[in-house]
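Below is one structure, written out as structure tokens; the observations come after it.
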Amino acid sequence: GTPPIKVLMPALSPTMEEGNIVKWLKKEGDTVNAGDALCEIETDKAVVTMESSDDGILAKILVEEGSKNVRLGSLIGLLVEGGQDWKAVEIPADATDPSSLAPPAAALTSAPAGPSVSAPPKLEHHPGKLQIRLSPAARNILETHGLDPSNITPTGPRGIFTKEDALKLLQEKQKGRPSEVKPMVSPAPPQPTAVPSAPPATAGTSAYPRPAIPPVSTPGKPPPPGAFTEIPASNIRRVIAKRLTESKTTIPHAYAAADCDIDAILKLRKDLAKDDIKVSVNDFIIKATAVTLKQLPDVNVTWGGEGPRQLHSIDISIAVATDRGLITPVIKDVAAKGIQEIAASAKALAKKARDGKLLPEEYQGGSFSISNLGMFGISDFIAVINPPQACILAVGRARTELKIVEDEEGNEKLKQHQLMTVTLSSDGRVVDDELASKFLETLKANIENPMRLALF
């Protein structure tokens, strides 16, 4: 055959261990140049486009679209040099083509009955059918819903029928495809005795060796106690769970809050809108935070394992909620940007984050994080630090409060003020209580006097 050029699953983020193939952007037989987009891969951070590092012809796609949890370094495709017969490409012995994972249709021979070792995944014996290896989770789903695993090709390693395969089969059943499901063996009616009698020995004729159990739910009846639906977690969700756990268990969090009067920001924002300059309150907060970090560089630090590292650039991470989970794109060198430039950067990064199009350099790094839930009506909250950063600022909504003030003649009167609560979560190893208090005091002054932001 034609000697191949291997295409391996790349590391598209520093913490990536495996990825999902979302979409192939080239078809078999297409000409590929170095730098061309080959496929879209979901990493632990975002959906990233993988580019080809070689010229040639895409001869074979070994890992199809929708494949999940593909380990780094796995063979996902083959190229051949231009001018060669791509249809005659030599498939390596270590190829991980999902179609090759299906077990061969070999005749089964009877084995003498004897004790078997219970170790997942088990090999199912169906006369006249292929041997199907089921994972424990897949077995439970198949038994619960009466599904036939022979209707789809297993996608797990070595032909194992995985939980994802079972969930896919269940979805097809729920869409109304009766030809792909097998009636479930009804359980025996309950016996009117205190202790249920043992079921009849039907292991030889049952489709599965374990006893049949009732469905998870029955239309028109409440679900049984303990019933639940297991939702497959994406790579991003798993990484978020891991990093949040690490943060709360390894970082000594300290918290401090302050109320900021944003009347001056609201007035300035209204004046700018008259000149068709559209900026949000959050854009002013980002700028005020960067100016405060410039005034107090001891807060612009990360924890490097052995000790703090003071950063020379002020890069602000902004928390953006997406369908795949929370991600924090980074606005670079914020202290040197104006409010309007910050607004444009924040809007563009938030859109790319929701579309899953962030580049690795757009979400890696950052020296300080801001999470704003004011638009959801949250008055105040506490955020979890994003390691290795030392601080995160949680911003609540603006609220109206009455305050006693003196007029020019010294008379007291009630006046409405728009207040906003900001809560600082800081790493006690590098930002002590005194420094955190000084940071909030300076930030409050910068927010309440936005004209100061033009001085830095």
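Summed over the stretch 347-400, the residues that are among the hydroxyl-bearing types (Ser, Thr, Tyr) and without any contact (Cβ under 8 Å) to a residue 24 or more places away in the chain give a count of 1. The residues of the stretch 131-172 that are open to solvent by 20 Å² or more (accessible area, probe 1.4 Å), in a helix (DSSP H, G or I) and under 20 Å from ASN235 (Cα atoms), listed by number, are ALA137, PRO157, LYS163, GLU164, LEU167, LYS168. Taking every residue in the stretch 401-418 that is without any contact (Cβ under 8 Å) to a residue 12 or more places away in the chain and farther than 16 Å from ALA264 by Cβ and pairing it with any residue that is part of a strand (DSSP E or B) and of a type in the set (A, V, I, L, M), at least 6 positions away or on another chain, the pairs with Cβ-Cβ distances below 7 Å are ILE404/LEU414; GLU412/ILE404; LYS413/VAL405. Against the numbered list (1) crowded, with 17+ Cβ neighbours inside 10 Å; (2) farther than 30 Å from GLU40 by Cα, PRO297 comes up short only at (1).
Within the stretch 351-372, is there a residue that is part of a helix (DSSP H, G or I) and more than 21 Å from the chain's Cα centre (by Cα)? No.
Screening GLU230 with (1) in the same structural domain as HIS417 (by the TED database); (2) assigned to a loop (DSSP other than H, G, I, E, B); (3) not small (Gly, Ala, Ser) gives one miss only, at (1).
Do we have any residue at all in the stretch 346-353 that's at pLDDT 90 or above, open to solvent by 40 Å² or more (accessible area, probe 1.4 Å), closer than 29 Å to HIS417 by Cα and out of contact with any helix residue (DSSP H, G or I) (no Cβ under 8 Å at 6 or more places or on another chain)? First the steps, then the outcome.
We begin by selecting, within the stretch 346-353, every residue at pLDDT 90 or above; these are 346-351.
With open to solvent by 40 Å² or more (accessible area, probe 1.4 Å) added as a condition, the list becomes 347-348, 351.
Within this subset, residues satisfying the condition of being closer than 29 Å to HIS417 by Cα are 347.
Narrowing further to those that are out of contact with any helix residue (DSSP H, G or I) (no Cβ under 8 Å at 6 or more places or on another chain): 347.
There is at least one residue in the stretch 346-353 that is at pLDDT 90 or above, open to solvent by 40 Å² or more (accessible area, probe 1.4 Å), closer than 29 Å to HIS417 by Cα and out of contact with any helix residue (DSSP H, G or I) (no Cβ under 8 Å at 6 or more places or on another chain).
When the stretch 311-338 is filtered for residues that are in a loop (DSSP other than H, G, I, E, B) and open to solvent by 20 Å² or more (accessible area, probe 1.4 Å), the ones remaining, listed by number, are LEU311, HIS312, SER313, ASP315, ALA319, ASP323, ARG324, THR328, LYS332, ASP333, LYS337, GLY338.
Being within 22 Å of the chain's Cα centre (by Cα), of a type in the set (A, V, I, L, M, F, W, C) and not in a loop (DSSP other than H, G, I, E, B) holds for only one residue in ILE41, ILE76, and it is ILE41.
Just one of (1) part of a helix (DSSP H, G or I); (2) surrounded by 21 or more Cβ atoms within 10 Å (Cβ to Cβ) fails for LEU266. It is (2).
Name the residues in the stretch 357-399 that are open to solvent by 70 Å² or more (accessible area, probe 1.4 Å) and in contact with a Leu (Cβ under 8 Å, 6 or more places away or on another chain), would you? ARG397 - this is the single residue of the stretch 357-399 that is open to solvent by 70 Å² or more (accessible area, probe 1.4 Å) and in contact with a Leu (Cβ under 8 Å, 6 or more places away or on another chain). If only one of ALA273, ALA241, ALA257 is in the same structural domain as GLY307 (by the TED database), open to solvent by 50 Å² or more (accessible area, probe 1.4 Å) and either free of Cβ contacts under 8 Å to residues at least 24 places away in the same chain or not aliphatic (A, V, I, L, M) (or both), which one is it? The conditions single out ALA273.
Would you say GLU341 is at pLDDT 90 or above and either β-branched (Val, Ile, Thr) or open to solvent by 20 Å² or more (accessible area, probe 1.4 Å) (or both)? It is true that GLU341 is at pLDDT 90 or above and either β-branched (Val, Ile, Thr) or open to solvent by 20 Å² or more (accessible area, probe 1.4 Å) (or both).
Among the residues of the stretch 406-415, is there at least one that is more than 21 Å from the chain's Cα centre (by Cα), open to solvent by less than 60 Å² (accessible area, probe 1.4 Å) and among the charged types (D, E, K, R)?
Here is the first cut: in the stretch 406-415, the ones more than 21 Å from the chain's Cα centre (by Cα) are 406-415.
Then keep just the ones that are open to solvent by less than 60 Å² (accessible area, probe 1.4 Å); that gives 407, 410.
So of that shortlist, the ones also among the charged types (D, E, K, R) come out as 407.
Yes.
If the condition is being free of Cβ contacts under 8 Å to residues at least 40 places away in the same chain and surrounded by 10 or more Cβ atoms within 10 Å (Cβ to Cβ), then the stretch 433-456 contributes ALA445, ALA454.
From THR15, THR49, which residue is part of a strand (DSSP E or B), open to solvent by 60 Å² or more (accessible area, probe 1.4 Å) and either at pLDDT below 90 or over 22 Å from THR162 (Cβ atoms) (or both)? Please lay out each step first, then the result.
On the way: THR15 fails: part of a strand (DSSP E or B).
Only one candidate qualifies: THR49.
The values are calculated or read from the model by the stated rules, or taken from the named source; none is laboratory data. Because the structure is predicted, anything quoted here is derived from the model rather than measured. A quick note on method: Cβ atoms are made from the backbone with ideal geometry, for glycine too, and the neighbour counts reach across all protein chains shown. For the accessible areas, the whole protein counts, side chains as well, though only heavy atoms, and no ligand, DNA or RNA atoms are used. Shrake-Rupley method; radii C 1.70, N 1.55, O 1.52, S 1.80 Å.
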